[in-house]
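Visitor: I'd like to ask you about the structure that follows.
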Amino acid sequence: MTLQRAALWAIVIAATISLFVAGRGLLLPFVLGIVLWYMIDSLADTFSQPRLGGLRLPQPIALAIAVLLIGGLFWVVGRTIGLNVQAVVAAVPSYETRLTNLIEQVAPMIGVEQAPTLSELVSRISLADTLGSVAAAAASVVSVAGLILIYTLFLFVEQAHFKSKLAAIFHGDGQEARVLAILDRIDREIRIYIRIKTTLATATSALAYLVMASVGVDFAGFWAVMVFFFYYIPTVGSILAIIAPALLTLIQFDNLTPFLIVLLVFGSIQVVTANLIEPAIMGRSLNLSPLVVIVSLIVWGTIWGVVGMFLCVPIMVVALIVLAQFETTRPVAVLLSADGRIPESTT
């Protein structure tokens, strides 16, 4: 690669990142609409597959069932989070004494001679500003949710004519088959990723609930839901899933035994699942470099926040497959891969 070409690539990458950052408000709802459309469409395709006796559900019925299931899942998650937030507010007084004691114990260890009381910490927070920020965030979520649903609806409308538009673009010059092959590979890789991640996230969250419920941790159901979502965030998610419930256990109980049980038992489950079971099941299906995953987590987390952390791996999978199709970008695809093996070009 010549110096001129390298400089050109640097300019293109910088301009693309700037576009993603500047257009976050416009791009993020559309991207989330694509994610929601893909989840519903994939689930509907699963339901419409031939079953015993060659029977299969009609596509409209399968789609309706998928919409109901996804909607029901979001309702259950929202309901669980909403109820537990109310419970957390109600339980704050019971945690105040324990948290104050912890602050007094930890302050000397970090060189703070006079530890601030919990009341002093709370008094430094402007209640009006906090409530205003919460109200603005809630209004933003509601408006974005509506926009996401609109995008999803129109993506389903557009789906019916996509292949005919693709054929009209390439006019039978053979490129249509190549594009469809690339899209099929992307679809297959992402479905494998989502299927494995969802299965392991469900198992991990169920085990987390059993561990926390067995020692009497408050809001075990809420933290089990959080563990499920944390699992989709590479590396950082597993750490957060261990630390957050463990810290709550430390605040809740006067002795260290429940804290150590949650930390060690659930921590072991997370480590084994994320570092042994998942790589063994996933195999070479994604073939992304661990360094690339960490860097993409930081980059997309900076650009799109938590949503970027959830989507960083699928985005890099798409990038790897697309870059592998062109001779000039194949070296970049090799760098993104874990072992230098990349998908063969469909040309």
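Visitor: I need the trypsin sites (Lys or Arg not before Pro) found in the stretch 8-88, filtered to DSSP loop residues with at most 16 other beta carbons within 10 Å of theirs.
Guide: Arg51, Arg56
Visitor: If you roll a 1.4 Å probe over the heavy atoms of the protein chains, what accessible area per residue do you get for the stretch 164-241, in Å²?
Guide: 48
Visitor: Still on this structure, I have one more. What order do Leu260, Leu63, Leu210 take when sorted by accessible area (1.4 Å probe), most exposed first?
Guide: Leu210, Leu260, Leu63
Visitor: Okay, next question. Cβ neighbours within 10 Å, averaged per peptide: list 321-331, 28-38 in order, most packed at the top.
Guide: Ranked by mean Cβ neighbours within 10 Å, highest first: 28-38, 321-331.
Visitor: Here is a follow-up. Using Cα pairs closer than 8 Å and at least 6 residues apart in sequence, work out the relative contact order for the stretch 167-247, in percent.
Guide: The normalised contact order for the stretch 167-247 reaches 22 percent.
Visitor: Classify the stretch 151-196 as rounded, prolate or oblate from the Cα gyration tensor: take a ≥ b ≥ c as the square roots of its eigenvalues, call it rounded if a/c is under 1.5, otherwise prolate when a/b beats b/c and oblate if not.
Guide: Because a/c hits 1.5 or more and a/b fails to exceed b/c, the stretch 151-196 counts as oblate.
Visitor: On the protein heavy atoms, probe 1.4 angstrom, tell me the percent of accessible surface of the stretch 207-347 carried by carbon and sulfur.
Guide: Summing carbon and sulfur atoms, their accessible area is 75 percent of the total for the stretch 207-347.
Visitor: Counting only protein heavy atoms, what percent of the accessible surface of the stretch 143-200 is carbon or sulfur at a 1.4 Å probe?
Guide: 69
Visitor: Another one. Between beta-carbons, use under 14 Å as the cut-off and find the net charge around Ile233, counting Lys and Arg +1, Asp and Glu -1.
Guide: 0
Visitor: What does the charge add up to near Lys163, with Lys and Arg as +1, Asp and Glu as -1, over the other residues with Cβ less than 13 Å from its Cβ?
Guide: Taking every other residue near Lys163 into account, the sum is -2.
Visitor: In terms of the Cα gyration tensor, with a ≥ b ≥ c the square roots of its eigenvalues, is the stretch 171-290 rounded because a/c is under 1.5, prolate because a/b exceeds b/c, or oblate?
Guide: The shape class here is prolate.
Visitor: A further question follows. Below 8 Å between Cα atoms, with a sequence gap of 6+, how large is the relative contact order for the stretch 293-347 in percent?
Guide: 25
Visitor: So, one more: Heavy atoms only, probe 1.4 Å: what % of the accessible area of the stretch 1-40 goes to carbon and sulfur, would you let me know?
Guide: 80
The values are calculated or read from the model by the stated rules, or taken from the named source; none is laboratory data. Computed from a predicted model, the values in this text were never measured in an experiment. Note that we place each Cβ from the backbone using ideal geometry, even for glycine, and neighbour counts take in every protein chain shown. We work out accessible area using only protein heavy atoms, side chains counted, and drop any ligands, DNA or RNA first. Shrake-Rupley method; radii C 1.70, N 1.55, O 1.52, S 1.80 Å.
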